[in-house]
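Step one of this worksheet: look at the structure below.
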């Protein structure tokens, strides 16, 4: 998949696959088949077998499919059929994690941990069992040493694994029992080492956008001045570099790159640089992710509003606001 197309922009639409056409086909068939769990499991198994050891693409596909299949019984059917299949184990574990995060509780932690360890034994190079365990720590609070050990296991296998960084960022956040200081410490520790086009390159901007949205939620003066978060210091430099590099065709090659461009477009608009977000919107070709747009309204509506603002700012030759 060429990242990103130079064809005229398409109408904004929510996209789970983020341009992954093979994943999109499987998602379409899953939604049509309904209760055909065995056939659905076979579809997913074939796609993951084809994905192989492309860990970035594998993480994207497993996370999206797990979200789509959570609560359908597909993962259970597959695991019953193939209890020692690494893909079945990882997929079942991820769907369990999806439900646990939604419900903020996990009924059988030991079984999930056992399945992740079994998957890791069957495929020692795969980072995903360790990523799922990191996610599990968001529900069942592990000790710092245990979390650090899981982090090392995941990143030893794939140093810039986007899903691992996303789970760690969420785990450390104040919304999930961490703190803003913990998030900042983590970002400071990793940002200078991450390659500019790595799958996890958006970790700093993602953390900043979450902080910005937290300020908006507080209302009053904090909300009015929230955009100043992006002015000056490391964050301003990171935003400037991202705006210059990320929208370029071919700069990003990871599967979830459109999600990161959504974050960049939002951050630029939040910083009062709507005109500078125009190339980012163009690169997205209308692919919209629910977050970060859905915090204060329907995601598509908010995306279109900021897209229109960026167009007006570009035509006026100003940064927009």
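The values are calculated or read from the model by the stated rules, or taken from the named source; none is laboratory data. Predicted, not measured: the structure shown is a model, and the values here were computed from it. Reconstructed Cβ throughout: ideal geometry from the backbone, glycine too, with neighbour counts over all protein chains shown.
Can you tell which of 99, 152 is modelled with pLDDT of 95 or more and farther than 26 Å from residue 42 by Cα? Answer to the check: 152. In this structure, residue 178 qualifies as touching a helix residue (DSSP H, G or I) at 6+ places or on another chain (Cβ under 7 Å), assigned to a loop (DSSP other than H, G, I, E, B) and modelled with pLDDT under 95. Taking the conditions (1) surrounded by fewer than 21 Cβ atoms within 10 Å (Cβ to Cβ); (2) at pLDDT 95 or above in turn, residue 219 satisfies each one other than (2). Of the residues contained in the stretch 167-174, one or more are found to be in a helix (DSSP H, G or I), farther than 30 Å from residue 250 by Cβ, modelled with pLDDT under 95 and under 20 Å from the mean Cα position of the chain (by Cα).
Looking for whichever is touching a helix residue (DSSP H, G or I) at 6+ places or on another chain (Cβ under 9 Å), without any contact (Cβ under 8 Å) to a residue 60 or more places away in the chain and more than 24 Å from residue 67 (Cα to Cα) here; the options are 142, 186. Which one fits? I'd like the intermediate steps shown before the answer.
On the way: 142 fails: more than 24 Å from residue 67 (Cα to Cα).
So the residue among 142, 186 that is touching a helix residue (DSSP H, G or I) at 6+ places or on another chain (Cβ under 9 Å), without any contact (Cβ under 8 Å) to a residue 60 or more places away in the chain and more than 24 Å from residue 67 (Cα to Cα) is 186.
One line per residue, one yes/no per condition, for (1) surrounded by fewer than 18 Cβ atoms within 10 Å (Cβ to Cβ); (2) farther than 22 Å from residue 294 by Cβ; (3) assigned by TED's automatic domain parsing to the domain that holds residue 241:
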{"residue": "179", "(1), (2), (3)": "yes, yes, yes"}
{"residue": "183", "(1), (2), (3)": "no, no, yes"}
{"residue": "186", "(1), (2), (3)": "no, yes, yes"}
{"residue": "195", "(1), (2), (3)": "yes, yes, yes"}
{"residue": "205", "(1), (2), (3)": "no, no, yes"}
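Take the conditions (1) out of contact with any helix residue (DSSP H, G or I) (no Cβ under 6 Å at 6 or more places or on another chain); (2) surrounded by 24 or more Cβ atoms within 10 Å (Cβ to Cβ); residue 274 misses just one of them, which is (1).
Taking residue 119, is it in a helix (DSSP H, G or I), surrounded by 23 or more Cβ atoms within 10 Å (Cβ to Cβ), modelled with pLDDT of 95 or more and more than 22 Å from the chain's Cα centre (by Cα)?
Values: in a helix (DSSP H, G or I): yes; surrounded by 23 or more Cβ atoms within 10 Å (Cβ to Cβ): yes; modelled with pLDDT of 95 or more: yes; more than 22 Å from the chain's Cα centre (by Cα): yes.
Against the criterion (in a helix (DSSP H, G or I), surrounded by 23 or more Cβ atoms within 10 Å (Cβ to Cβ), modelled with pLDDT of 95 or more and more than 22 Å from the chain's Cα centre (by Cα)), residue 119 qualifies.
Within the set 196, 156, the sole residue that is assigned to a helix (DSSP H, G or I), more than 16 Å from the chain's Cα centre (by Cα) and without any contact (Cβ under 8 Å) to a residue 60 or more places away in the chain turns out to be 156.
Candidates 70, 15: the one that is within 21 Å of residue 166 (Cβ to Cβ), under 22 Å from the mean Cα position of the chain (by Cα), at pLDDT below 95 and surrounded by fewer than 21 Cβ atoms within 10 Å (Cβ to Cβ) is 70.
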